[in-house]
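Before any comments, here is the structure.
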Amino acid sequence: MRVYLDNGATTKTDPRVVQEMMPYFTEMYGNTASLHSFGQEAKEAVEKARGFIASFINAQPDEIVFTSGGTESDNIAIQGVARALSTKGKHIITSKIEHPAVLEVCKHLEKEGYDVTYLDVDKHGLVNLEQLEKSIRKDTILVSIMFANNEIGTIQPIKGIGEICRKHGVYFHTDAVQALGKVPVDVKEMKIDLLSGSAHKIHGPKGVGLLYVRKGVKLAPIILGGGHEQGLRSGTTNTPGIVGFAKALELSKEPNNMLELRDRIINELLKIPETILNGHPTQRLPNNVNVCFKYIEGEAILLHLDQAGIAVSTGSACSSLKLQPSHVLTAIGLPPEIAHGSIRITLSKFTTEQEVDYFINNIKRIVHNLRELSPFWKNR
Ligand code: PLP
């Protein structure tokens, strides 16, 4: 049996998405910028997808910019605001648990003279709204806080953050790559100015993303060329990808039992002694489980699960000879020795009860066996 429980990394493309995309590879392959009928039929498909995606998040079609993925959307948003508003100020606020697509951009901007505040999070991974408001200064130009965390699944109080930013006249960008298509997103109600999304996390194709840019928000383009996407993202339009993204979002509305299966996994794993649930107990993504098994290594668990045909991920990145606990687990206050025992299980709408049972039986066996071999477990 092969069981894929790493849907936070990427997902299987839904066959219905592939079917929707196919004609735009084989028949309607024109360039959307071309004036002939080949180009115009491709353009029509892209504009139809744009309209659907816009309404999905309560935006206007001309507020959607298509990109090559979440990473590019984060870059265009943060660097774009930084460049456009540098005369107004050079202060940016973000959190310590952002994806590298945000953190690395912020670090890069620091080298160029921007000042970045990295907000702490609590033990569940939540930012503190009071601390956020206190951090806003006269020269603050942007707040970038993720909608939901990719490792521990915690969903931030997005509407509260949006209200604070709007009150102080500061742009609010949110990386919604893990949230879009899984939890309700309403850019107007939540007072979001910029939002990043990606198709491959919701059974769409890899290599296509979106950036919502509220009308009136000033952005300087960082990719220059033919002036596509209102000059914000030059490059020939990825028609099949965009059509697939819209279809994937449409299908994300289908009922599924991820939440029920997620809670079943959490309940079963917490029956294993010395196990901690990471992230918020309730304000979390419907498909995310992240746990630490004390006294053993997440990497060892991952490899044993892989032998049983099960794919999960860990919170440790193996860099050369030393294992580094993830910046997210560190930020929620886990000591390295506990963080090293973490694994992330991420479900999809295709995950079945049988797969979950198979996983639970295997993880119980593996944790038990690894602990039997662990001197730390014996001497605890
Ligand atoms: N932001 C978050 C929160 C993510 O989880 C990811 C993907 O892992 C990204 C950004 C990057 O998205 P993409 O893979 O589409 O570049």
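The values are calculated or read from the model by the stated rules, or taken from the named source; none is laboratory data. All figures in this text were calculated on a predicted structure; none of them were measured in a lab. Note that each Cβ is placed from the backbone with ideal geometry, even for glycine, and that neighbours are counted across all protein chains shown. In case anyone asks, the SASA skips ligands and DNA or RNA and just uses the protein heavy atoms, side chains included. Shrake-Rupley method; radii C 1.70, N 1.55, O 1.52, S 1.80 Å.
Structure summary
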quantity	calculated
Folded to 0 to 90 degrees: helix 353-373 orientation relative to the chain principal axis, Cα	50 degrees
The chain: angle of helix 258-269 to the longest principal axis, Cα-based, in degrees nearest 10	30 degrees
Inter-site label distance for Tyr29 and Gln283 at 7 Å from Cα along Cβ, in nm	4.9 nm
Long pairs among Lys48/Lys191; Lys167/Lys218; Lys123/Lys167, criterion Cα-Cα beyond 23 Å	Lys48/Lys191; Lys123/Lys167
Most positive-pole-ward Cα, Gln354, Ile158, Gly333, against dipole of the chain from beta carbon charges	Gly333
Most mobile listed residue (Thr140, Thr236, Thr13) in the chain, GNM with C-alpha springs under 10 Å	Thr236
The range 262-380: Cα Rg divided by the 2.2 N^0.38 Å rule of thumb	1.01
Probe 1.4 Å, protein heavy atoms only - accessible area per residue of the chain in square angstrom	43 Å²
Proximal charge balance of Leu270 [Cβ under 15 Å; K/R count +1, D/E count -1]	+3
Beta bridges per DSSP with both ends in the chain, % antiparallel, nearest 5	60 percent
The range 190-267, dipole about Cα centre (Lys/Arg Cβ +1, Asp/Glu Cβ -1), debye to the nearest 20	200 debye
Volume of the Cα convex hull of the range 162-272, divided per residue and given in Å³	151 Å³
Peptides 217-227, 188-198, 269-279 ordered by average Cβ neighbours within 10 Å, highest first	188-198, 269-279, 217-227
Beta bridges by DSSP in the range 52-154, antiparallel share as percent, to the nearest 5	10 percent
Proximal charge balance of Ser313 [Cβ under 15 Å; K/R count +1, D/E count -1]	-3
Proportion of all alpha-carbon pairs of the range 337-378 beyond 13 Å (%)	67 percent
Approximate shape of the chain as ellipsoid semi-axes (Cα gyration tensor, √5λ), whole Å, largest first	36, 27, 17
Local electrostatic count, Gly216, Cβ distance below 14 Å [Lys/Arg +1, Asp/Glu -1]	+3
The chain: angle of helix 158-168 to the longest principal axis, Cα-based, in degrees nearest 10	50 degrees
Model label zone, Glu189; criterion: amide N under 14 Å from point 7 Å along Cα-to-beta-carbon; scope the range 25-64	56-59
Net lengthening on full extension, Val18/Gln230 (0.36 nm per residue, minus Cα-Cα)	73.6 nm
The range 1-100: Cα Rg divided by the 2.2 N^0.38 Å rule of thumb	1.46
The chain, dipole about Cα centre (Lys/Arg Cβ +1, Asp/Glu Cβ -1), debye to the nearest 20	540 debye
Cα gyration tensor shape for the range 65-188, rounded if a/c is under 1.5, else prolate or oblate	rounded
Ala9 versus Glu254: modelled label distance in nm, points set 7 Å from Cα along the beta carbon direction	2.4 nm
Ranked by how many other beta carbons lie within 10 Å on average, peptides 90-96, 362-368 from highest	90-96, 362-368
Apportionment of accessible area to carbon and sulfur, the range 94-240, percent (1.4 Å)	53 percent
FRET efficiency, Lys364 to Lys206 (Cβ-Cβ, R0 45 Å, nearest 0.05)	0.85
Extension gain (nm, one decimal) between Lys271 and Asp139, 0.36 nm per residue minus Cα-Cα	42.5 nm
